[in-house]
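S.K.: Handing you a structure now.
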Amino acid sequence: MRYQTVQEILDHAQKLHTVAAEQALSAASSQADARLEAILDYLAEHQTRLARAIDEYRQDASEATLSTWFDRTPPSPSEGLDDSILANSRTTDDLLDQVTAFHDEVVALYANLRDQARSESVRQVFGDLASIERHEAMELVQSTRQLDDI
């Protein structure tokens, strides 16, 4: 993509997490395995939390930060998660592989934007969001493994 503001990038990132939450809820409702259904419900909550975190960053950021332009933004992660993999997952590992790959793409996007940023406030926003994304991904994997052990 070319020529995007921080505001537009944050809007898109929030949408990615919102769509991923909706996809997880949809897959959970059609999942026959109660354990995988619970994991998908947890995944939806996790994605909703990330969408809220992005919204909070957007609300707290200054207008100057939000209106900062990027000449070249890196490719964005795919639009959420793969519905067919979520719906047809038979193991926790199937789900975690896809979710981990999705989070890795988002972290890479934030890290790239942080590294490109000329403004300290913009570097701070994308650095913080990359840290939150990494932390949430680790928490998701750990919690999912615990749910799987029950």
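S.K.: Report, to one decimal in Å, the Kirkwood hydrodynamic radius for the stretch 1-143 based on all distinct Cα pairs.
M.R.: About 15.5 Å, per the Kirkwood formula over Cα pairs.
S.K.: How far, in degrees from 0 to 90, does helix 92-116 lean away from the longest principal axis of the Cα atoms of the chain, to the nearest 10?
M.R.: On a 0 to 90 degree scale, this one is about 0.
S.K.: So for ARG114, ARG35, fewest C-beta neighbours within 10 Å to most, what's the order?
M.R.: Going from sparsest to densest Cβ surroundings: ARG35, ARG114.
S.K.: Which distance in Å, rounded to a whole number, links the C-alpha centroids of the stretch 1-64 and the stretch 73-150?
M.R.: Each part reduced to its Cα centre gives a spacing of 10 Å.
S.K.: Given Cβ point charges of +1 (Lys, Arg) and -1 (Asp, Glu) and nothing else, what value in debye, to the nearest 20, does the dipole of the stretch 2-149 about its Cα centre take?
M.R.: So the magnitude is around 440 debye.
S.K.: Additional query: For helix 120-149, what angle does its Cα long axis make with the longest principal axis of the chain, in degrees from 0 to 90 and rounded to 10?
M.R.: Roughly 10 degrees, rounded to the nearest 10.
S.K.: Relative to the Cα centre, what is the charge dipole magnitude of the stretch 108-150, using +1 at the beta carbon of each Lys and Arg, -1 at the beta carbon of each Asp and Glu, and rounding to the nearest 20 debye? Mind dumping the intermediate values first?
M.R.: Working: 5 positive and 8 negative charges, 54 e Å.
With only Lys, Arg, Asp and Glu charged at Cβ, the dipole is about 260 debye.
S.K.: Any idea which of GLN7, GLN31, LEU43 is furthest toward the positive side of the dipole for the stretch 1-48, if Lys and Arg beta-carbons carry +1 and Asp and Glu beta-carbons -1?
M.R.: Towards the positive end, the residue furthest out is GLN7.
S.K.: First select every other residue whose beta carbon is under 13 angstrom from the beta carbon of ALA130; then total the charges, Lys and Arg +1, Asp and Glu -1. Walk me through the intermediate numbers first.
M.R.: Working: positive: ARG114, ARG123, ARG134; negative: ASP104, GLU105, ASP115, ASP128, GLU133, GLU136.
With Lys, Arg at +1 and Asp, Glu at -1, the neighbours total -3.
S.K.: Still on this model: With the dipole of the stretch 2-149 worked out from charges on the C-beta (+1 for Lys and Arg, -1 for Asp and Glu) around the Cα centre, which of ILE85, VAL99, TYR110 lies farthest toward the positive end?
M.R.: Final value for the positive-end residue is TYR110.
The numbers here are math on the coordinates, done by the rules we state, and not lab data. Note that the structure is predicted; figures quoted are calculated from it, not measured. With ideal geometry, Cβ positions are generated from the backbone for all residues, glycine too; neighbour counts draw on all protein chains shown.
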